1. Given 516, 481, which one is farther than 30 Å from residue 432 by Cβ and in contact with a strand residue (DSSP E or B) (Cβ under 7 Å, 6 or more places away or on another chain)?
2. Do we find that residue 540 is more than 20 Å from residue 334 (Cα to Cα), modelled with pLDDT of 90 or more and surrounded by fewer than 17 Cβ atoms within 10 Å (Cβ to Cβ) in this structure?
3. Can you name every residue in the range 423-434 that is touching a residue at least 24 places away in the same chain (Cβ under 8 Å) and either farther than 18 Å from residue 370 by Cα or part of a strand (DSSP E or B) (or both)?
4. Could you look through the range 284-331, keep only residues that are without any contact (Cβ under 8 Å) to a residue 24 or more places away in the chain and in a loop (DSSP other than H, G, I, E, B), and pick out the one that is surrounded by the most Cβ atoms within 10 Å (Cβ to Cβ)?
5. Does residue 503 satisfy being in contact with a strand residue (DSSP E or B) (Cβ under 6 Å, 6 or more places away or on another chain) and either surrounded by 15 or more Cβ atoms within 10 Å (Cβ to Cβ) or assigned by TED's automatic domain parsing to the domain that holds residue 559 (or both)?
6. Which pairs turn up if I take residues in the range 530-549 that are free of Cβ contacts under 8 Å to residues at least 60 places away in the same chain and at positive phi and look for partners that are surrounded by 11 or more Cβ atoms within 10 Å (Cβ to Cβ) and part of a strand (DSSP E or B) with beta carbon separation below 7 Å, at least 6 apart in sequence or on another chain?
7. Of all residues being part of a strand (DSSP E or B) and without any contact (Cβ under 8 Å) to a residue 40 or more places away in the chain in the range 382-397, which is nearest to residue 467 (Cα to Cα)? Just the residue, please.
């Protein structure tokens with residue numbers, strides 16, 4: 001009898017323990033869903049549901065498109081980055097500023113601008129074939145020159161050049177013909193030609209600027225925006241730039257003017273003063289994960305310059321096409337858009353290296369367009385070591401950049417039943433095994449020995465229903481590794497925590513991978529050299545950050561990645577664990593400009609590597 005009672009007590013304790021464990025797992029999973037909010041600058045806040053619905057309707061086409069073609073083209077293409085025996089190795093469109101060319105001297109480039117090779121239809125067809133749903137082109141850049149026929153100022157492409165054609169009108173017609181949205185870049189704040197425009201301190205004084213700034217907005221900026229809104233049909237978006245001095249009332253005025261004249265047009269956040277419909281999240285670095293609660297776009301140029309610069313023709317100044325094509329999948333996976341830039345030359349031609357990039361985009365999109373256009377972000381709580389994930393109802397798309405050495409790909413956390421797995425190119429069906437463990441669901445796919453596409457092989461999964469996934473990191477049962485992305489750590493700086501499921505007991509080596517900023521410099525590893533503590537199940541290990549090695553990925557960002565190696569920790573029991581990090585400050589923002597690089601460690605991921 002006594003033995004029976006002890007038996008029942010033991011069973012009861014096991015049940016209670018199981019329920020407690022299950023309750024803990026549900027609690028940690030629920031807590032882990034409350035991901036931190038990124039810091040980001042400004043977009044217009046819509047208060048009512050009616051306003052939010054109207055915004056969603058306006059921006060719907062842009063959310064579907066995912067990819068846009070950015071074109072920086074103007075009379076700055078004439079000097080090709082050089083003037084008066086001097087040259088710039090920077091942005092070609094900034095040549096007036098970089099070389100401090102006086103207004104009267106710079107104006108002479110207009111008389112030399114005659115791009116007889118310009119073909120609006122060819123440009124739009126290139127965008128269309130490459131998978132771009134919209135084109136954003138410089139209607140007026142910082143040099144103040146209008147690349148359309150402006151009645152406001154004779155300083156424009158029709159009146160001031162021998163070309164005497166309006167390329168914006170020709171592009172508008174071609175975009176309508178091929179169903180591509182036309183968007184106008186307009187430099188609303190910086191204008192080096194006008195004394196009231198910001199930024200020209202070699203021709204004008206600060207007093208000139210202050211005396212003329214309101215006149216500039218009243219007599220040039222806003223009237224030209226009205227011209228663009230009324231003379232070129234439906235405009236998809238206005239792309240504003242560098243709001244360094246613009247007053248809030250002028251940002252609001254511009255927004256209201258466009259909203260009145262082009263009700264369906266959207267505007268980016270660089271209009272300034274927390275005004276705009278979508279966020280511009282970096283130029284030479286983009287968010288490492290999804291940005292909750294805001295539409296966002298990353299713009300990137302194929303080489304070091306946005307406008308044409310002949311001084312940068314060397315291969316080392318161009319980004320590799322594998323990085324650019326992979327970044328498209330990353331942007332879609334993170335829920336953003338990708339605006340990829342090229343700078344046509346003074347004759348209206350695209351550089352050959354740029355054409356090669358878009359040829360690669362065209363051939364890949366011919367097969368895999370479904371995984372990008374109208375696709376949704378990854379449903380998983382963190383990134384994948386082999387690439388990126390996008391999704392649609394009933395489908396998940398795996399973008400494999402790095403082919404697993406053992407020809408086995410593991411996808412952790414997917415709860416839905418998988419009915420089919422195939423490589424899209426050639427409709428090659430793949431063998432797969434799916435475990436039935438609700439706590440650590442894993443899909444194991446057997447791959448061919450070589451990747452069909454060395455840049456991005458897309459594998460299509462068909463699933464029952466919409467994707468349902470675990471909200472915490474799960475250990476890879478094949479490699480034994482477990483990675484926790486930086487964005488999964490919640491809590492205040494100095495006291496952070498994240499959930500992770502260890503499905504194997506044993507000893508683990510610990511690594512932390514963090515980002516340098518892409519601007520370089522002696523302090524480029526911001527947040528490095530901190531000291532803290534990592535704790536799991538009351539077992540702690542000191543974290544003394546040092547750069548043990550630095551490497552770069554062929555996707556993700558310009559930013560080098562710093563690997564810091566620490567000691568070992570023993571996990572005696574498998575299950576869901578809470579990982580605590582104390583004493584470390586993180587930077588978890590979106591913005592990648594220099595002023596944001598002084599804030600803390602940019603944690604890419606924490607990795608546990610099983611060694612026995």
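The values are calculated or read from the model by the stated rules, or taken from the named source; none is laboratory data. Owing to the predicted nature of the structure, the values given are computational and were not obtained by experimental measurement. Every residue, glycine as well, gets a Cβ built from its backbone with ideal geometry; the counts of neighbours run over all protein chains shown.
1. Working: 481 fails: farther than 30 Å from residue 432 by Cβ.
Just a single option satisfies the conditions, and that option is 516.
2. Working: more than 20 Å from residue 334 (Cα to Cα): yes; modelled with pLDDT of 90 or more: yes; surrounded by fewer than 17 Cβ atoms within 10 Å (Cβ to Cβ): yes.
Criteria met by residue 540.
3. 423, 428, 430
4. Result: 319.
5. no
6. Once the first residue is free of Cβ contacts under 8 Å to residues at least 60 places away in the same chain and at positive phi and sits in the range 530-549, its partners that are surrounded by 11 or more Cβ atoms within 10 Å (Cβ to Cβ) and part of a strand (DSSP E or B) give 537/577.
7. 392
Okay, residues lined up against (1) modelled with pLDDT under 85; (2) closer than 21 Å to residue 289 by Cα; (3) surrounded by fewer than 19 Cβ atoms within 10 Å (Cβ to Cβ):
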{"position": "551", "(1), (2), (3)": "no, yes, yes"}
{"position": "556", "(1), (2), (3)": "yes, yes, no"}
{"position": "563", "(1), (2), (3)": "no, yes, yes"}
{"position": "572", "(1), (2), (3)": "no, no, yes"}
{"position": "579", "(1), (2), (3)": "no, yes, no"}
{"position": "595", "(1), (2), (3)": "yes, yes, yes"}
